[in-house]
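Derivation of every value follows stated rules applied to the coordinates shown; laboratory data play no part. Small disclaimer: the values here were computed from a predicted structure and weren't measured.
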Amino acid sequence: MSTTCELCRRTVPVERLDDPQVVQEHHLRPEERATSPTVTLCRPCHDQIHATFTNEELRADYDTLEALRAADRLADYLDWIRTTDTLSIQVETSDHVRRRR
């Protein structure tokens, strides 16, 4: 059975699911794994979220799927990723995140 990324809403075909990292669980409240709600994301979306936001920002401002979808810093990425079927991307941590780590 195929899987859909809850952020970009792309379908991951069943034949790609042989890679255990192609679909990942994202904790909406990082560092609170025991109690955090989770969502299922494709690897590119999960990587992009953590390259764009600090864990502190994710906990404070982006702890719902709706907040992530509405985030200005993800808008261009989401517009692009929805046009491709790639499940592996090169992600660079943003200067914004790098300065806050």
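For the chain, the longest principal axis of the Cα atoms and the long axis of helix 72-81 meet at an angle of about 10 degrees. Ellipticity at 222 nm from helices only: DSSP H runs of n ≥ 4 in the chain, each -39500 (n - 2.57), divided by the residue count, give -10000 deg cm²/dmol.
The spread of Cα positions in the chain, taken along each principal axis and listed from longest to shortest, comes to 38, 30, 21 Å.
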